[in-house]
Number of protein chains: 4
Amino acid sequence: MSLTSDSLNSPISLTNNNMKAKQLSVFLENKSGRLTEVTTELGKAGINLSAMSIADNSDFGILRCIVSEPEKAYDVLKAAGFAVKLTDVIALNCPNTSGALAVVLQYLSDSGVFIEYLYSFAAGNIAHIVIRPTDLDACEKILEAKKVDLIAANDLYKL
Amino acid sequence: MSLTSDSLNSPISLTNNNMKAKQLSVFLENKSGRLTEVTTELGKAGINLSAMSIADNSDFGILRCIVSEPEKAYDVLKAAGFAVKLTDVIALNCPNTSGALAVVLQYLSDSGVFIEYLYSFAAGNIAHIVIRPTDLDACEKILEAKKVDLIAANDLYKL
Amino acid sequence: MSLTSDSLNSPISLTNNNMKAKQLSVFLENKSGRLTEVTTELGKAGINLSAMSIADNSDFGILRCIVSEPEKAYDVLKAAGFAVKLTDVIALNCPNTSGALAVVLQYLSDSGVFIEYLYSFAAGNIAHIVIRPTDLDACEKILEAKKVDLIAANDLYKL
Amino acid sequence: MSLTSDSLNSPISLTNNNMKAKQLSVFLENKSGRLTEVTTELGKAGINLSAMSIADNSDFGILRCIVSEPEKAYDVLKAAGFAVKLTDVIALNCPNTSGALAVVLQYLSDSGVFIEYLYSFAAGNIAHIVIRPTDLDACEKILEAKKVDLIAANDLYKL
């Protein structure tokens, strides 16, 4: 995360630099057709997808995604008849080297914070990681104390 | 995908430039502690994680991941007592713009190929997308015919 | 399954005695509150639940259930704002003895029919089993040829 | 639940009449073949399946089941190379009438106890319901106070 001068001067920017990002979850009654529709609807609304992960079962899928404008995406998909939900998550950058994530996860489990799920992708020297922990506030506090490179919500949306 | 001179000269490299990548799946009896163990074991073996996604339920998680050396990772985790499995997936690059993924998904659904699950992360101007389709061969053929920028297994492992 | 004289005389009854039952799936944005609402809505409509199983993840649940009147339940829940879907399943009775189900499953896997999921409960000397196979027609044909005691949809709804 | 004279006289029986039952969870690397193996192994060991539910995704399944002898089943499957786990659940009988389950669920949600997942099957006038709540002790206390007909572990195993 890089704090810009803007973000230091205004309450709005500070909110935008909140470390809790909004993840959008969308129920896909059928995994394939509905996913095409979701991406089409978001595309028409000019909303970009920074990260996606599908929690699937045999009949259905649940798309979890990070989008450029979560509230707008929520409204667009709701209006198009989708069952949607916003969930808080925490994102971080981790060196893209073997064992680096293990260190971060150890910080959390040492403090009794557990991971419900995560998704992650490497990009050059770093890996972007989205975490849904059991306790968001504790997770944020621990990772900040350990100087882990958290990604502000605002920056995550623009990846 | 960038074919190196090596890959043009040897059968081994050609295999490595296969478009079907090996995804490693690992059963996590408890989501948090076991995930730390997996990343620790892989770290000790010098294996890097390019992409991760956890398919979770209330009690368990299943880690799906792309690693630098899938077969070695399989052996390392098997030896450490984990239930593991290798699954073929297809990865592609997509412009990181709203609506671009919808076009790719439409190619597939128009041809009767469906998505079981996917995970994806943007990186600057592009988004890396890992797909598990209902039909791998058809998926590969369709995306190649449509000139979609597939990521060779070898390149995906090194992200 | 017991064919009544009625069922032998009318096309409607024959349909009702179809071996493919309608399973109702309902998306639960939050597992607990929404489940109470579903059961309340069905209760108000006089619809009974014969069997239930929740496919859950950390944030959500998907209720799969067998109800006394599937189409009516679909309409009631749709009107109440739920994302719902009907899926064909096959139900059977199996002796409630160790190993009996293994025999049935072996018939299916020997013929290349696989189980997506199932749920089951013993009741005295028998166990009721609901199966979602990869191939419904083949599943029905194999189990009938092996004289497995299939449960007609109509009877399953009234359990 | 019916306390037998035996159960009133010995500490062992009292333990057996505990309201927290042991659910066995088994990881199925492939849903169909492995399920046949699990049921075959349990059958060979003379262990009966009272209730089953599969939490599935596209590649895998997790079998949750109630068996006649949970610890023995755990050992048998562990020895056969399966990833297994025991989890506490609570079982209850509910009148098999529309709306009856909604009342029970309302008791729980009114007290802040939530359902992670459940599975259930009707049998004549009653429905047997297995619940995995967020708080087992609170769940048990609330349901007992409300005179809900809990099923003792010992009785559930013998269904």
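The values are calculated or read from the model by the stated rules, or taken from the named source; none is laboratory data. What you see is a predicted model; the values in this text were computed from it and never measured. Neighbour counts run over all protein chains shown; Cβ positions are idealised from the backbone, glycine included. The accessibility values were calculated without ligands, DNA or RNA, using every heavy atom of the protein model including side chains. Shrake-Rupley method; radii C 1.70, N 1.55, O 1.52, S 1.80 Å.
C:Gly112 meets the conditions (1) without any contact (Cβ under 8 Å) to a residue 12 or more places away in the chain; (2) open to solvent by 10 Å² or more (accessible area, probe 1.4 Å) in every case but one. The failed one is (1). Note on segment D:103-117: residues that are at the interface with chain C (Cβ under 8 Å from one of its Cβ atoms) and touching a Leu at 6+ places or on another chain (Cβ under 8 Å) total 4.
B:Gly33 fulfils the conditions (1) over 30 Å from C:Leu28 (Cα atoms); (2) surrounded by fewer than 19 Cβ atoms within 10 Å (Cβ to Cβ); (3) within 13 Å of chain A (Cβ to nearest Cβ) except for a single criterion, (1).
Residue-level check: of (1) under 20 Å from A:Ala153 (Cα atoms); (2) among the aliphatic types (A, V, I, L, M); (3) modelled with pLDDT under 95; (4) open to solvent by less than 20 Å² (accessible area, probe 1.4 Å), A:Leu24 misses just (3). Looking only at segment D:152-159, decide whether some residue is facing chain C (nearest Cβ under 9 Å) and open to solvent by less than 50 Å² (accessible area, probe 1.4 Å). Checking segment D:152-159: at least one residue is facing chain C (nearest Cβ under 9 Å) and open to solvent by less than 50 Å² (accessible area, probe 1.4 Å).
Exactly one residue out of C:Val130, C:Val89 is over 20 Å from D:Val38 (Cβ atoms) and surrounded by 21 or more Cβ atoms within 10 Å (Cβ to Cβ), and it is C:Val89.
Filtering segment A:42-80 to residues that are open to solvent by 10 Å² or more (accessible area, probe 1.4 Å), more than 9 Å from chain B (Cβ to nearest Cβ) and over 25 Å from D:Ala55 (Cα atoms) leaves A:Glu69, A:Glu71, A:Lys72, A:Tyr74, A:Asp75, A:Val76, A:Lys78, A:Ala79, A:Ala80.
Among the residues of segment C:59-107, those identified as aromatic (Phe, Trp, Tyr) and not assigned by TED's automatic domain parsing to the domain that holds C:Lys147 are C:Phe60, C:Tyr74, C:Phe82.
Take the conditions (1) within 24 Å of B:Leu24 (Cβ to Cβ); (2) of a type outside the set (Lys, Arg); (3) open to solvent by 50 Å² or more (accessible area, probe 1.4 Å); B:Glu140 misses just one of them, which is (3).
Being more than 14 Å from the chain's Cα centre (by Cα), outside the structural domain of B:Ser53 (by TED's automatic domain parsing) and not basic (Lys, Arg), is that true of even one residue in segment B:129-136? Looking through segment B:129-136, at least one residue is more than 14 Å from the chain's Cα centre (by Cα), outside the structural domain of B:Ser53 (by TED's automatic domain parsing) and not basic (Lys, Arg).
For every residue, the table says whether it meets (1) modelled with pLDDT of 95 or more; (2) at positive phi; (3) among the small types (Gly, Ala, Ser).
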{"position": "C:Phe82", "(1), (2), (3)": "no, no, no"}
{"position": "C:Ser98", "(1), (2), (3)": "no, no, yes"}
{"position": "C:Ala138", "(1), (2), (3)": "yes, no, yes"}
{"position": "C:Asn154", "(1), (2), (3)": "no, no, no"}
